[in-house]
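Below is one structure, written out as structure tokens; comments come after it.
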Amino acid sequence: MAKTENNSAETVRSLGRPTDFGDARGVSWTESTLQDLRLALRSLRKSPGFALTAILTLALGIGVNAAIFQLIDAVRLRSLPVVDPQALVGVQIKGGNYTVGIRRTPTALSLALFEQIRKQQQGLSGVFAWFNHDFRLGQGAQQRRAPGLWVSGDIFTTLGVAPFKGRLLSPEDDQPGCGTSGAVLSYAFWQSAFGGQESVIGTKLLVDEHLTQVIGVTPPDFFGLEIGKGFDIALPLCSHPAFHPEDFYFARHDYLQFFVMGRLKPGWTSEHASAQLESISPGILEATLPDGYDATVLDNYRKFQLAANPASNGISSLREKYDASLWLLLGITGLVLLIACANLANLLLARATSREKDMAVRAALGASRWRLMRQLLAEGCVLAAGGAILGWAIANVFSRSIVWQLRGQDPTLQLNLGADWRVLAFTAIVALATCILFDLIPALRSSRATPSVALKSGTRGTTSGRERFSFQRTLVITQIALAMVLLVSALLFVRSFRNLMTFDPGFREDGILVGFVNLTHLNFSAREKYDAVVRQLVEQLRLIPGVESVATSTHVPLDGSTWSLAVRAGEAEGSSKFTWVGPGFFQTMGIPILAGRDFNDRDTRTSPCVVVVNQTLVSRFLGAADPVGKTLRTVPEPGYPSAQCEIVGLVKDTKYAGLREETPPEAFGVASQFPPGESATYVFLHYSSSSAMLPEVQTKVAQFNPEIEAEFRMFRNNIQKGMVQERTMAFLSGAFGALAILLTTIGLYGVISYIVAMRRNEIGIRMALGASGADVVGTITRQTVRMLAAGVALGVLLSIAATRGASSLLFGIQPSDVLSVLGAALFLVIVGLVAGYIPARRASRMDPSSAIRYE
């Protein structure tokens, strides 16, 4: 009682000053607000445990929300760091190109298309093109890979990017036959590789074994045009033939690897520019028809239409890959914050009970209900502000941790996670919303205290009766329901990731090394010499102790890339994936041959064309017929003349580009019959030795021919890197689910403990009249069970509705999976019963005489 009396005395002293009654005493709103904040700080200083708990809880909730929004802002919302980014448009094929040519993405164009667009368009003040390329800097042991750009000469002038040092590329630097005209470095690369020395301007770098002069450095904030992917060095497109004279794809009309963008002229909109591009599309497409395709493919090409789409945010493969995941995570973190707010609301309601006389004294001295509410809301705002400040620090650490995890798949990933107005505004809005959510109801209830009733002794439970208990129970039921949603989501993503990790793709994953072997530097004049060197290299690798088998392939399964050719088999016609492999590939990869034979050394460049097909190709093109001995015809494409091949084998279906896709029709050709032109291949090595095989393989290749570029890696690691999205979702949803359960358990325990404390007198009377400890435990447990039943039932309905949108992110499991829902419900019930039993057990052991005297 002494503590309450002291609080009341402090209230009398603070409210005794005329200024404490706000505008009624002539005090400005600003001054009264400052008084409310000072009073809130004094009050929270007296309850440091409560204040610290509330701020930490809010910091976690606000921090994880701000972190996910920070990633969304960096990937989707942030504009490019150039002059007037809103005027930028991307020139693309309307609807994308999914049928013709060698495509980097469906939105990429050919060099020929870019040149025609630049000549004929009217709505853009400048048009430029670029594509990404990994350059090799230096030579020998000092050589390193550097992400770079091939760019048209007008890229920097059109973007309005000014040089930080030296000068940048201009249209004069990008003229046919320019040779090695000059290179531009990014600011980050200039700092990391050259220490920011100005003397680098004018020096020459060895880039892809060609000396080129450094002419300038871009400003610090310019990272390029692709979100998430920076660059170290940029070279003009006209230099490409000098650097890579062997690249016969570069100028082909069906080589669609260039991103094209432009800047709208004053008065033009993207819609007007699109209309103009659409009107000139037939002529441009006719002028850039690719060679070597049949009439059907060319007709499809002529039907394309060009369009100009807003491009102020640049381009990014991250958006397509992670957009749905990030928005889903934002929803998950929002639920965590709601649970945290419900916990704090219950804490404040309990705290309000101990302050009833304090509020009654204030009301008795003339404070209005609105003023009392303002003072209580000020405490909530102080807590929310503290949570937001600490949450901002947590957000920065958390968002960078997620990016670090994503770099496991792509080491070159770069995202600008610096604060901008959107992130700051989001954090402020979330903080304000949390203040309202957890503080409004307690403030309303506390401000309704009636002085004449609250000041009477023995009325401890007057404002803590059934109505307040009912509201607190509602909050706990809401927490349980939201925790149910999060726990179901966590189980779904964890089980989905487990399904991916344990799924059988149809081939061997463990004990396999895969290496990219580049023979370009050997400068073969004939394809036969290339084939001979590859065979010799394979034989040398087979001699390594512990190696079971070695084979080559033009495709790495599950790496996301595809190669298709139009085919005819029997009366059917369609498209099939194609892979050219060496003899022993199916044995190396553990792919069963169901009928016919494998390739052998008699299958040469001059022998009849042969293929091995998978089950899906047979079912789609040949029905139930035995495929061995049947004929498969390919439709001609540039560099791939029409061929009539005999089917000599049938293999079991395997996954091709990714685990999520349906198994496509696939034909395997023999590597020796691969059309000429390529000077690289993939080598697959199956080993049984437990020793470190990778160094031995690298050494053997170097001994065989030091001019061969080879980079080997574990095939299993390569597959797992492709699952970084699923791994991240499983980890984060599991962590958020665990946090939700912890908060819900604390909330349930707190409410039950609070109800027991408020009913201590009642419980003492019951026990004095003969109620046993088991009766007390049973009564309280029944209350717990009712809250759990209501919360779980509501949670089941919410989880089924909420997880429906996550179906595209799941693998081998449905959003309404019964096992996940039942598992989440059972776990919550067990945790909830334990949380409710502890205060119930404590209540059953109290002394009835002490409880009756309790006030």
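Mind checking which pairs have a first residue in the stretch 153-176 that is part of a loop (DSSP other than H, G, I, E, B) and a second that is charged (D, E, K, R) and modelled with pLDDT under 95, Cβ under 6 Å, 6 or more apart or different chains?
Gly153/Asp173; Gly153/Asp174
Could you pull out every one of the strands (runs of 3 or more DSSP E) wholly within the stretch 666-725 that has 2 or more residues that are among the hydroxyl-bearing types (Ser, Thr, Tyr)? First the steps, then the outcome.
On the way: elements: 666-670, 680-687, 709-714.
So the answer is 680-687.
Across the stretch 640-656, which residue is farthest from Cys609 (Cα to Cα) among those that are surrounded by 18 or more Cβ atoms within 10 Å (Cβ to Cβ) and touching a Gly at 6+ places or on another chain (Cβ under 8 Å)?
In the first step, residues of the stretch 640-656 are kept if they are surrounded by 18 or more Cβ atoms within 10 Å (Cβ to Cβ); the result is 643, 645, 647-651, 653-656.
Imposing the further condition that a residue be touching a Gly at 6+ places or on another chain (Cβ under 8 Å) reduces the set to 645, 647-650, 653-655.
Working: Cys645: 5, Ile647: 9, Val648: 10, Gly649: 13, Leu650: 16, Asp653: 22, Thr654: 23, Lys655: 25 Å.
Within the stretch 640-656, the match that is farthest from Cys609 (Cα to Cα) is Lys655.
So which of Ser619, Ser575 is of a type in the set (Gly, Ala, Ser) and assigned to a helix (DSSP H, G or I)? Walk me through how you get there before you give the answer.
Details: Ser575 fails: assigned to a helix (DSSP H, G or I).
Exactly one residue qualifies, and that residue is Ser619.
How many of the residues in the stretch 86-107 are open to solvent by less than 10 Å² (accessible area, probe 1.4 Å) and part of a loop (DSSP other than H, G, I, E, B)? Talk me through it step by step, then tell me what you get.
Here is the first cut: in the stretch 86-107, the residues open to solvent by less than 10 Å² (accessible area, probe 1.4 Å) are 88-91, 93, 97, 100.
So of that shortlist, the ones also part of a loop (DSSP other than H, G, I, E, B) come out as 97, 100.
Residues flagged as open to solvent by less than 10 Å² (accessible area, probe 1.4 Å) and part of a loop (DSSP other than H, G, I, E, B) within the stretch 86-107 amount to 2.
Just need a number here: residues in the stretch 269-286 that are surrounded by 14 or more Cβ atoms within 10 Å (Cβ to Cβ) and of a type in the set (Asp, Glu).
1
Mind telling me which of the residues Gly202, Gly196 ends up being open to solvent by 30 Å² or more (accessible area, probe 1.4 Å) and either among the aliphatic types (A, V, I, L, M) or modelled with pLDDT of 90 or more (or both)?
Result of the check over Gly202, Gly196: Gly202.
Checking the conditions here, which among Gln725, Gln703 is at pLDDT 85 or above and either out of contact with any strand residue (DSSP E or B) (no Cβ under 7 Å at 6 or more places or on another chain) or more than 20 Å from Leu513 (Cβ to Cβ) (or both)? Full working, then the answer.
Details: Gln725 fails: at pLDDT 85 or above.
Gln703 is the lone residue from the list that is at pLDDT 85 or above and either out of contact with any strand residue (DSSP E or B) (no Cβ under 7 Å at 6 or more places or on another chain) or more than 20 Å from Leu513 (Cβ to Cβ) (or both).
Residues are listed down the side, and each one gets a yes or a no for (1) in contact with a Leu (Cβ under 8 Å, 6 or more places away or on another chain); (2) over 29 Å from Gly408 (Cα atoms); (3) at pLDDT 80 or above:
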{"site": "Ala692", "(1), (2), (3)": "no, no, no"}
{"site": "Pro695", "(1), (2), (3)": "no, no, yes"}
{"site": "Met714", "(1), (2), (3)": "yes, no, yes"}
{"site": "Ile719", "(1), (2), (3)": "yes, no, yes"}
{"site": "Leu742", "(1), (2), (3)": "no, yes, yes"}
{"site": "Met758", "(1), (2), (3)": "no, yes, no"}
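Just to be sure I understand, how many residues within the stretch 93-126 are more than 20 Å from Ala295 (Cα to Cα) and under 25 Å from the mean Cα position of the chain (by Cα)?
Of the residues in the stretch 93-126, 7 are more than 20 Å from Ala295 (Cα to Cα) and under 25 Å from the mean Cα position of the chain (by Cα).
Do we have Gly179 as at positive phi, touching a residue at least 60 places away in the same chain (Cβ under 8 Å) and either of a type in the set (Asp, Glu) or surrounded by fewer than 16 Cβ atoms within 10 Å (Cβ to Cβ) (or both) here?
On the way: at positive phi: yes; touching a residue at least 60 places away in the same chain (Cβ under 8 Å): yes; either of a type in the set (Asp, Glu) or surrounded by fewer than 16 Cβ atoms within 10 Å (Cβ to Cβ) (or both): yes.
The answer is yes for Gly179.
On the given criteria, is Ser820 assigned to a helix (DSSP H, G or I), open to solvent by 70 Å² or more (accessible area, probe 1.4 Å) and within 30 Å of Glu661 (Cβ to Cβ)?
On the way: assigned to a helix (DSSP H, G or I): yes; open to solvent by 70 Å² or more (accessible area, probe 1.4 Å): no; within 30 Å of Glu661 (Cβ to Cβ): yes.
When the stated conditions are applied, Ser820 does not pass them.
Out of the residues in the stretch 108-143 that are open to solvent by 10 Å² or more (accessible area, probe 1.4 Å) and part of a loop (DSSP other than H, G, I, E, B), state the one that is farthest from Lys229 (Cα to Cα).
Result: Gln122.
Just checking, how many residues over the stretch 610-619 are open to solvent by 40 Å² or more (accessible area, probe 1.4 Å) and out of contact with any Ser or Thr (no Cβ under 9 Å at 6 or more places or on another chain)?
In the first step, residues of the stretch 610-619 are kept if they are open to solvent by 40 Å² or more (accessible area, probe 1.4 Å); the result is 615, 619.
So of that shortlist, the ones also out of contact with any Ser or Thr (no Cβ under 9 Å at 6 or more places or on another chain) come out as 619.
Looking only at that region, the number is 1.
What residue, among those in the stretch 620-639 that are of a type in the set (Lys, Arg) and under 24 Å from Val297 (Cβ atoms), is least open to solvent (accessible area, probe 1.4 Å)?
First, the residues of the stretch 620-639 that are of a type in the set (Lys, Arg): 620, 630, 633.
With under 24 Å from Val297 (Cβ atoms) added as a condition, the list becomes 620, 633.
Values: Arg620: 144, Arg633: 101 Å².
Only one residue tops the list, namely Arg633.
Scan the stretch 293-336 for residues that are in a helix (DSSP H, G or I), farther than 30 Å from Thr728 by Cβ, in contact with a Leu (Cβ under 8 Å, 6 or more places away or on another chain) and in contact (Cβ under 8 Å) with a residue 40 or more places away in the chain and report the count.
1
So Ile813 fits all but one of (1) among the hydrophobic types (A, V, I, L, M, F, W, C); (2) under 21 Å from Thr744 (Cβ atoms); (3) outside any helix (DSSP H, G or I); what number is the exception?
Unmet condition: (2).
Restricting to the stretch 382-423, give me the number of residues that are in a helix (DSSP H, G or I), open to solvent by 30 Å² or more (accessible area, probe 1.4 Å) and not β-branched (Val, Ile, Thr). Lay out the reasoning, then the answer.
First, the residues of the stretch 382-423 that are in a helix (DSSP H, G or I): 382-406, 421-423.
From what is left, the residues that are open to solvent by 30 Å² or more (accessible area, probe 1.4 Å) are 382, 385, 389-390, 392-394, 396-398, 400-401, 404-405, 421-422.
Of the ones still in play, those that are also not β-branched (Val, Ile, Thr) are 385, 390, 392-393, 396, 398, 400-401, 404-405, 421-422.
Here the count works out to 12.
Only residues that are buried (at least 21 other Cβ atoms within 10 Å of the Cβ) and not hydrophobic (A, V, I, L, M, F, W, C): list them for the stretch 302-324, please.
Gly314, Tyr322
The values are calculated or read from the model by the stated rules, or taken from the named source; none is laboratory data. The structure displayed is predicted, hence computed values, not measured ones. Cβ atoms come from the backbone with ideal geometry, glycine included; neighbour counts cover every protein chain shown. Side chains included, ligands, DNA and RNA excluded: accessible areas come from the protein's heavy atoms. Shrake-Rupley method; radii C 1.70, N 1.55, O 1.52, S 1.80 Å.
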